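Let me begin by presenting the structure, written as structure tokens, before commenting on it.
Derivation of every value follows stated rules applied to the coordinates shown; laboratory data play no part. Values in this document were obtained by computation on a predicted structure and should not be read as measured data. All Cβ positions, even for glycine, are placed from backbone atoms using ideal geometry, and neighbour counts span all protein chains on display.
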Amino acid sequence: MRWTKHDRDGNSGPGTSGEGARGYHHGNLKEALVRAALELIAEKGPAGFTFADAARWAGVSPAAPYRHFKSREELIGDVARRGFELFTAALDKAWDDGRPDPKTAFNRLGKAYLDFARDMPAYYSAMFEAGVPSDSDPQLRVASESAFAVLRKAAERLVASMPAGQRPPALMVALHIWSMTHGIASLFGRGDRARRTLPMAPDELLEAAVLVYLRGLGLPA
């Protein structure tokens with residue numbers, strides 16, 4: 001996600017970066033710093049900027065960010081929390097309580113994961129690549145666990161459709177599917193310069209991988 005200078009002054013939308021936002025509108029410093037972090041992550045990665053860089057981007061003094069965040073890590077943690085909340089909403093919408101059937105909904109869930117990595121690369125990077133521990137903040141931990149809970153719920157529905165004596169642990173299935181999906185998203189599906197080329201669409205690769213995995217568990221096509 002990128003922000004234009006016009007966005008930094010109060011309106012949102014995609015664009016390219018310019019000079020720092022001078023005059024962030026009093027009372028909106030926290031939001032200006034979050035936008036600064038998103039822009040800087042998009043340009044330099046989560047480890048490529050300092051707290052002072054974020055302040056400069058927002059057009060405030062180096063001391064101003066401390067009104068809302070104790071450190072750069074806390075700022076990125078807040079970005080990650082917001083990202084996980086958006087991510088959870090996207091996954092939950094895609095799952096749609098397993099309608100019209102769990103397998104169809106499960107495929108939508110994987111596509112939503114890839115879509116998020118492509119469309120929200122700065123959030124995605126803050127969530128999974130910034131090195132901020134999820135237990136560093138209770139709200140961040142809850143947000144990250146909520147996202148995985150959607151995937152686990154979907155895995156439980158899939159496993160429940162198998163004969164009772166052949167059901168693998170739903171948590172194991174969720175972790176396996178998460179690993180596959182996250183790997184494909186991080187390598188081939190992201191929307192930034194770290195994306196690698198692939199001779200097929202990432203969602204096609206994921207669909208094939210999940211199909212092979214589920215067949216291996218004994219689930220029919």
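For a label point 7 angstrom out from the Cα of Lys30 toward its Cβ, which stretches of segment 51-73 have the backbone nitrogen within less than 19 Å? Residues 54-55, 58-61, 63-73 qualify, since their backbone N sits under 19 Å from the label point.
Site pair Arg167 and Leu187 shows an inter-label distance of 3.2 nm when each label is modelled 7 Å from Cα along Cα→Cβ. Comparing Gly191, Gly45, Gly183 in a Gaussian network model of the chain (Cα springs below 10 Å), the most mobile by mean-square fluctuation is Gly183. Think of each Lys and Arg Cβ as +1 and each Asp and Glu Cβ as -1; about the Cα centre, that makes the dipole of segment 53-151 roughly 180 debye. Normalised by the number of residues in the chain, the mean separation of alpha-carbon contacts (under 8 Å, six or more apart) gives a relative contact order of 17 percent. Normalised by 2.2 N^0.38 Å, where N is the number of residues, the C-alpha radius of gyration of segment 21-144 stands at 1.19.
In the elastic network of the chain, a GNM with C-alpha springs shorter than 10 Å, the most mobile of Asp119, Asp101, Asp203 is Asp101.
Taken over segment 76-202, the percentage of Cα pairs per 10 Å bin, counting from 0 up to the bin with the maximum distance, is 13, 41, 34, 11, 1.
Given the -39500 (n - 2.57) contribution per DSSP H run of 4+ residues, what per-residue ellipticity at 222 nm results for the chain, rounded to the nearest 500 deg cm²/dmol?
Working: 9 runs with 132 residues, N = 221.
Per the formula, -19500 deg cm²/dmol.
Computed on the Cα trace of segment 110-160, the radius of gyration divided by the Kirkwood hydrodynamic radius gives Rg/Rh = 1.04. Span-like helix criteria (full DSSP H runs; alpha carbon extent of at least 27 Å along the helix axis; mean Kyte-Doolittle hydropathy of at least -1.0) are satisfied in the chain by 72-95, 138-160.
Among Gly98, Gly189, Gly110, the largest mean-square fluctuation in a Gaussian network model of the chain (Cα springs under 10 Å) belongs to Gly98. With the charge dipole of the chain set up from +1 on Lys and Arg Cβ and -1 on Asp and Glu Cβ about the Cα centre, the Cα lying farthest toward the positive end among the listed residues Leu158, Gly45, Ala94 is that of Gly45.
The number of Lys pairs in segment 14-172 with C-alpha atoms less than 22 Å apart, excluding pairs fewer than 8 positions apart on the same chain, is 9.
If you put +1 on each Lys and Arg Cβ and -1 on each Asp and Glu Cβ, how big is the dipole of the chain around its Cα centre, in Debye rounded to 20? Walk me through the numbers on the way to the answer.
Numbers: 29 positive and 26 negative charges, 23 e Å.
Once rounded to the nearest 20, the dipole reads 100 debye.
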